[in-house]
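Undergrad: Here it is, the structure in full.
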Amino acid sequence: MSPIRFPRGVLFDLDGTLLDSAPDMVEAINILRRARGEAEVAHEVLRPHVSKGARAMIGCAFGHLDADAREALVKPFLDAYEGILGRYCVLFDGIAAILDALDADGVRWGIVTNKPEYLARPLIPMLGWADRCGVLIGGDSLPERKPHPLPLLHSAAVLGIDPRDCVYVGDDERDIVAARAAGMPSIVALWGYRLPGDDPLAWGGDVMIEQPHALLDAAVWPTAGAIATP
């Protein structure tokens, strides 16, 4: 009997799935706070907002400002983040091992993130993935971004793998919505960033995994026949 193998293709979200990027992003917010003479915001307050993007983090940290003032902080926040990119972030425990296992099994893998590509791409060589990551799509790489399925479908095509033979792994509802729309099996990364009101059970993912090391068991990965239906 042949051993169970991993899917032939795997696509990952970046922030909150592969990379604990909250420390960099929280510091970027606090650079802005300090420049305005305001007290720093605690890591644990901002962390749940990281997967929701820059505006969500700014909304949390600067909720006392009106909408126009918050919008005006988006570019300064991104500039501050770019200035410290990769300084404090770390891989989630177990991610290095699962990527090694995928490589050893001949799996093609890549990253689909809503982070702007110019902020995502420099991280790839920093993390030692320049010769390993088969595709990187940012939130501004294509005309659509998650939860639209286009980034996932495009990435599967780049990898040369049918979307049904790929699995998407992400920690946000947008990830799972995009995967379902692409006809791609999905895994909810429960180790990522979630707001208190988020309900991963309602997202319709095929599998929910508590910690990355569980993915070393190829049997837990969903297949096309297990795709959840709306």
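The values are calculated or read from the model by the stated rules, or taken from the named source; none is laboratory data. Bear in mind that the values here come from a model prediction, so they are computed numbers and not experimental data. Every residue, glycine as well, gets a Cβ built from its backbone with ideal geometry; the counts of neighbours run over all protein chains shown. Side chains are part of the model used for accessible areas, which takes the heavy atoms of the whole protein and leaves out ligands, DNA and RNA. Shrake-Rupley method; radii C 1.70, N 1.55, O 1.52, S 1.80 Å.
Undergrad: If the Cβ limit is 7 Å and pairs must be 6+ apart or interchain, which residue in region 152-169 that is at negative phi pairs with which residue that is among the basic types (Lys, Arg) and open to solvent by 70 Å² or more (accessible area, probe 1.4 Å)?
TA: Leu159/Arg108; Ile161/Arg8; Ile161/Arg108; Asp165/Arg8
Undergrad: Filter region 30-55 down to residues that are in a helix (DSSP H, G or I) and among the aliphatic types (A, V, I, L, M) and give me whichever is farthest from Pro147 (Cα to Cα). Steps first, please.
TA: The initial filter retains those residues of region 30-55 that are in a helix (DSSP H, G or I), namely 30-35, 43-52, 54-55.
Remaining after also requiring among the aliphatic types (A, V, I, L, M): 31-32, 35, 45-46, 50, 54.
On the way: Ile31: 30, Leu32: 29, Ala35: 34, Val45: 25, Leu46: 22, Val50: 16, Ala54: 16 Å.
For region 30-55, the residue satisfying everything is Ala35.
Undergrad: If Asp175 passes every condition in (1) in contact with a helix residue (DSSP H, G or I) (Cβ under 7 Å, 6 or more places away or on another chain); (2) among the charged types (D, E, K, R); (3) surrounded by 22 or more Cβ atoms within 10 Å (Cβ to Cβ) but one, which one does it miss?
TA: (1)
Undergrad: Of the conditions (1) surrounded by fewer than 15 Cβ atoms within 10 Å (Cβ to Cβ); (2) more than 23 Å from Trp203 (Cβ to Cβ); (3) free of Cβ contacts under 8 Å to residues at least 24 places away in the same chain; (4) not small (Gly, Ala, Ser), Ile124 clears all except one; give me its number.
TA: Condition not satisfied by Ile124: (1).
Undergrad: Could you list all residues from region 160-178 that are out of contact with any Pro (no Cβ under 7 Å at 6 or more places or on another chain), of a type outside the set (D, E, K, R) and over 18 Å from Glu117 (Cα atoms)? Break it down stepwise before answering.
TA: To start, the set of residues in region 160-178 that are out of contact with any Pro (no Cβ under 7 Å at 6 or more places or on another chain) comprises 160-164, 168-173, 175-176.
If we keep only those that are of a type outside the set (D, E, K, R) too, we end up with 160-161, 163, 168-170, 176.
Result: Gly160, Ile161, Pro163, Tyr168, Val169, Ile176.
Undergrad: Considering each residue of region 57-94, count those that are open to solvent by less than 50 Å² (accessible area, probe 1.4 Å), over 28 Å from Leu18 (Cα atoms) and assigned to a helix (DSSP H, G or I), and give that number.
TA: Residues meeting the conditions: 1.
Undergrad: Using the structure shown, decide if Asp24 is touching a Lys or Arg at 6+ places or on another chain (Cβ under 9 Å) and assigned to a helix (DSSP H, G or I).
TA: Details: touching a Lys or Arg at 6+ places or on another chain (Cβ under 9 Å): yes; assigned to a helix (DSSP H, G or I): yes.
Here the answer is yes, as Asp24 does meet what is asked.
Undergrad: Identify all residues within region 203-215 that are in a loop (DSSP other than H, G, I, E, B) and surrounded by 16 or more Cβ atoms within 10 Å (Cβ to Cβ); write none if there are none.
TA: Restricting attention to region 203-215, the residues satisfying the condition of being in a loop (DSSP other than H, G, I, E, B) are 204-206, 210-211.
Listed by number, the residues that qualify are Gly204, Gly205, Asp206.
Undergrad: Tell me which residues, restricted to region 178-202, are in a loop (DSSP other than H, G, I, E, B), modelled with pLDDT of 95 or more and open to solvent by 20 Å² or more (accessible area, probe 1.4 Å).
TA: If the condition is that a residue be in a loop (DSSP other than H, G, I, E, B), modelled with pLDDT of 95 or more and open to solvent by 20 Å² or more (accessible area, probe 1.4 Å), then Gly183, Leu190, Trp191, Asp199 are the ones that fit.
Undergrad: Which of the residues that make up region 46-56 are open to solvent by less than 50 Å² (accessible area, probe 1.4 Å) and either under 16 Å from Arg34 (Cα atoms) or touching a residue at least 60 places away in the same chain (Cβ under 8 Å) (or both)? Show your work before the answer.
TA: Just the residues of region 46-56 that are open to solvent by less than 50 Å² (accessible area, probe 1.4 Å), to begin with: 46, 48-51, 53-54, 56.
Those that are open to solvent by less than 50 Å² (accessible area, probe 1.4 Å) and either under 16 Å from Arg34 (Cα atoms) or touching a residue at least 60 places away in the same chain (Cβ under 8 Å) (or both): Leu46, Pro48, His49, Val50, Ser51, Gly53.
Undergrad: Have a look at Asp20, Asp15 and point out the one that is closer than 20 Å to Lys146 by Cβ and open to solvent by 20 Å² or more (accessible area, probe 1.4 Å). I'd like the intermediate steps shown before the answer.
TA: Details: Asp15 fails: open to solvent by 20 Å² or more (accessible area, probe 1.4 Å).
Within the list Asp20, Asp15, the selection yields Asp20.
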